[in-house]
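*Asks:* Right, I'll just put the structure down here and ask away after.
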Amino acid sequence: MRVLVLGGDGYLGWPTALHLSDAGHEVAVLDNFARRQYDHEMGVQSLVPIEPLQVRLDAWAEVSGKRLPSYVGDLCDAEFVNATLREFEPDSIVHFAEQRSAPYSMIDRKHAVYTQQNNVVGTLNLLFAIAEINPDIHLVKLGTMGEYGTPNIDIEEGWLEVEHNGRKDRMLYPKKPGSFYHLSKVHDSHNMEFSCRIWGLRATDLNQGVVYGQETPQTARDPRLATRFDYDAIFGTVLNRFVIQSVLGHPLTVYGAGGQTRGMIDIRDTAECIRLAVENPAERGEFRVFNQITEWMSVAEIAKTVANLSPRPVEVENLTNPRVEEVSHYYNVVHTGLPALGLEPHLLSDTLIQSLFGIAEEYASRVDLAAMRPTVQWRSTASKMRS
Ligand code: NAD
Ligand code: USQ
């Protein structure tokens, strides 16, 4: 199949593009390098050095014999999106290309508006381009488990059978997201469902949990193929941060008591889930939702697991939670769709955590410890408007 990977220079988009290429698909990548800009803006960098996109593409051509075409531009530029679809003629589009940090979206009004504009407008441009150029294209879009929040009932895969006043209907599962970023994904999901229902498009929305890990079989083939590994309080995700903190002897920064529970997934499974979704497309008119997680853990459990395996003694520091979130709650998620297509998960293992310790040790000198402490307070996003 011809697969266009949007956000193909990012943490997940790059290894997924290589995984799809390795599986025999004709892959192209698109990116506007916004993620590299956020590093400059925040004064941080990936723990593992990453090469410019062209160097990565040359390296992949050397090791695999396959040269992936690249398209550099912004999804918010509708003409660029249309021209890319006309030129590459994809069968499937994998959409990773959004601003994906919850804390970044909660810095202030400017960052909240940027996040929603970038994510919602980019996805809308894409939906219009697909409808106009080839409605048969299958859109595989990265959503997030955080769209649901932490409701006091089981989380179904996207849809809920509702009985109200004696009548029944199948509705989109109600959403209770926890940041302006997570809200942008809710808006995307509604726009996608609308486009499938009204225009007959086909889309798969992958509500993914927190990703951990840094290496895939493809990125391990050459150091120039490495993907990013973020540890800072804005872009670093919880398990990756705890691994790096433990290697540096920094206390593990558990927000609050750590009772908040999140769905998790290994980066290798992310790439495999995308392959499965691409190779088993949704029907025309279908808005299909999968919950892309393999297990769930509380933040306190993640800290304990990392601390127990750490090469040196570690402390856990229970910081005042900078976010507003349920810290003790019910959590039970249906996630049967992707295993039904053949996913065989890599559950969190001692071996994986130990391999991450090795990566963190190797690049520990690149860490700026000041970037480890959370600086964005959920409750003060709005009050900054008054200052
Ligand atoms: P990332 O920031 O590393 O990658 C996103 C890429 O998209 C970046 O390279 C960025 O430059 C590009 N991009 C952003 N806006 C763009 C635009 N308007 N036009 C073109 N390119 C643009 O993020 P990631 O961690 O790889 O996440 C990828 C996707 O997966 C995101 O949509 C995110 O919400 C979702 N997701 C990530 C995680 C996680 O733990 N990392 C978990 C669940 C869902
Ligand atoms: N947390 C800590 N200490 C830390 C960092 C985080 O206790 O040092 C806690 C947070 O309070 C939160 C949980 O860990 O309860 C997860 O935080 P995170 O920063 O790892 O993940 P999150 O902000 O939810 O966002 C990440 C990705 C995002 C994706 C989401 C999946 O950045 O793109 O959508 O995971 S989900 O959480 O399922 O919505």
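*Asks:* Residues that are closer than 28 Å to Ala360 by Cα, among the β-branched types (Val, Ile, Thr) and away from ligand 2 (no atom under 13 Å from the Cβ): does the stretch 238-249 have at least one?
*Replies:* Keep residues of the stretch 238-249 that are closer than 28 Å to Ala360 by Cα, which gives 238-249.
Now drop any that are not among the β-branched types (Val, Ile, Thr), which leaves 238, 243-244, 247.
Adding the requirement that they be away from ligand 2 (no atom under 13 Å from the Cβ) leaves 247.
Within the stretch 238-249, one or more residues are closer than 28 Å to Ala360 by Cα, among the β-branched types (Val, Ile, Thr) and away from ligand 2 (no atom under 13 Å from the Cβ).
*Asks:* Need the failing condition index for Pro322 against (1) in contact (Cβ under 8 Å) with a residue 60 or more places away in the chain; (2) within 16 Å of ligand 1 (Cβ to nearest atom), just the number.
*Replies:* The single condition Pro322 does not satisfy is (2).
*Asks:* For the stretch 292-315, how many residues meet the condition of being outside any loop (DSSP other than H, G, I, E, B) and either β-branched (Val, Ile, Thr) or within 16 Å of ligand 1 (Cβ to nearest atom) (or both)? Steps first, answer last, please.
*Replies:* Keep residues of the stretch 292-315 that are outside any loop (DSSP other than H, G, I, E, B), which gives 292, 295-309.
The next check asks that each one be either β-branched (Val, Ile, Thr) or within 16 Å of ligand 1 (Cβ to nearest atom) (or both); those that pass are 292, 295-297, 299, 302, 305-306.
The number of residues fulfilling the criteria is 8.
*Asks:* Consider only pairs whose beta carbons are under 8 Å apart and that are at least six residues apart or on different chains; among these, list those whose first residue lies in the stretch 214-241 and is more than 22 Å from Gly263 (Cβ to Cβ) and whose second residue is crowded, with 23+ Cβ neighbours inside 10 Å and charged (D, E, K, R).
*Replies:* Arg224/Arg56; Leu225/Arg56
*Asks:* Of the residues Thr336, Thr351, which single one is free of Cβ contacts under 8 Å to residues at least 60 places away in the same chain and either out of contact with any Leu (no Cβ under 6 Å at 6 or more places or on another chain) or surrounded by 14 or more Cβ atoms within 10 Å (Cβ to Cβ) (or both)?
*Replies:* Testing whether each residue is free of Cβ contacts under 8 Å to residues at least 60 places away in the same chain and either out of contact with any Leu (no Cβ under 6 Å at 6 or more places or on another chain) or surrounded by 14 or more Cβ atoms within 10 Å (Cβ to Cβ) (or both) leaves just Thr351.
*Asks:* How about the stretch 60-82: which of its residues are assigned to a helix (DSSP H, G or I) and either closer than 30 Å to Phe180 by Cβ or hydroxyl-bearing (Ser, Thr, Tyr) (or both)?
*Replies:* Hits for the stretch 60-82 are Ser64, Ala78, Glu79, Phe80, Val81, Asn82.
*Asks:* Shifting gears a bit: How many of the residues in the stretch 246-286 are among the polar types (S, T, N, Q), more than 27 Å from Thr150 (Cα to Cα) and crowded, with 21+ Cβ neighbours inside 10 Å? Reasoning before the result, please.
*Replies:* First pass over the stretch 246-286, keeping only residues among the polar types (S, T, N, Q): 246, 253, 260-261, 270, 280.
Then drop every residue that is not more than 27 Å from Thr150 (Cα to Cα), which leaves 246, 280.
Narrowing further to those that are crowded, with 21+ Cβ neighbours inside 10 Å: 246.
Total satisfying the criteria: 1.
*Asks:* Of all residues being more than 23 Å from the chain's Cα centre (by Cα) and among the hydrophobic types (A, V, I, L, M, F, W, C) in the stretch 343-379, which is nearest to Glu272 (Cα to Cα)? Just the residue, please.
*Replies:* The selected residue is Ala364.
*Asks:* Hey, another quick one. Please go through the stretch 44-56 and pick out each residue that is assigned to a helix (DSSP H, G or I) and either polar (S, T, N, Q) or crowded, with 21+ Cβ neighbours inside 10 Å (or both).
*Replies:* To start, the set of residues in the stretch 44-56 that are assigned to a helix (DSSP H, G or I) comprises 53-56.
Residues satisfying the conditions are Gln54, Arg56.
*Asks:* Right, Val5: of a type outside the set (Asp, Glu) and either surrounded by fewer than 17 Cβ atoms within 10 Å (Cβ to Cβ) or in contact with a strand residue (DSSP E or B) (Cβ under 8 Å, 6 or more places away or on another chain) (or both) or not?
*Replies:* Yes.
*Asks:* Still on this structure, please answer the following. Cβ-Cβ under 6 Å, sequence separation 6+ or interchain: first residue in the stretch 72-91 and within 15 Å of Ala131 (Cα to Cα), partner of a type in the set (Gly, Ala, Ser). Which pairs?
*Replies:* Val81/Ala129; Asn82/Ala129; Leu85/Ala129
*Asks:* Another one. Can you tell me which residues in the stretch 339-348 are in contact (Cβ under 8 Å) with a residue 24 or more places away in the chain and not in a loop (DSSP other than H, G, I, E, B)?
*Replies:* Leu341
*Asks:* Does the stretch 22-43 hold any residues that are outside any strand (DSSP E or B), more than 16 Å from ligand 2 (Cβ to nearest atom) and aliphatic (A, V, I, L, M), and which are they? Reasoning before the result, please.
*Replies:* Quick first cut of the stretch 22-43, residues outside any strand (DSSP E or B) only: 22-25, 32-43.
Adding the requirement that they be more than 16 Å from ligand 2 (Cβ to nearest atom) leaves 22-25, 32-33, 36-37, 40-41, 43.
Ala23 - this is the single residue of the stretch 22-43 that is outside any strand (DSSP E or B), more than 16 Å from ligand 2 (Cβ to nearest atom) and aliphatic (A, V, I, L, M).
*Asks:* Same structure again: Please find, within the stretch 83-129, the residue that is surrounded by the most Cβ atoms within 10 Å (Cβ to Cβ) out of those that are touching a strand residue (DSSP E or B) at 6+ places or on another chain (Cβ under 6 Å) and not in a loop (DSSP other than H, G, I, E, B).
*Replies:* Selected residue: Val94.
*Asks:* Ok, one more. Would you please list the contacts, defined by Cβ atoms under 8 Å and residues six or more apart or on different chains, that run from a residue in the stretch 43-60 that is in contact (Cβ under 8 Å) with a residue 60 or more places away in the chain and within 18 Å of Ser365 (Cα to Cα) to a residue that is surrounded by 19 or more Cβ atoms within 10 Å (Cβ to Cβ) and among the aromatic types (Phe, Trp, Tyr)?
*Replies:* Listed pairs, sorted by first residue: Val44/Phe235; Ser46/Phe229; Leu47/Phe229; Leu47/Tyr231; Val48/Phe229.
*Asks:* How many residues are within 13 Å of ligand 2 (Cβ to nearest atom), more than 23 Å from Ile133 (Cβ to Cβ) and buried (at least 17 other Cβ atoms within 10 Å of the Cβ) if we restrict to the stretch 155-205?
*Replies:* 12
*Asks:* Here's a follow-up. Do we have Val5 as closer than 23 Å to Gln99 by Cβ, more than 16 Å from ligand 2 (Cβ to nearest atom) and either of a type in the set (Asp, Glu) or not in a loop (DSSP other than H, G, I, E, B) (or both) here?
*Replies:* In short, yes.
Each value in this text was obtained by applying a stated rule to the coordinates, not by laboratory testing. Please read these numbers as outputs of a predicted model, since none were measured by experiment. Every residue, glycine as well, gets a Cβ built from its backbone with ideal geometry; the counts of neighbours run over all protein chains shown.
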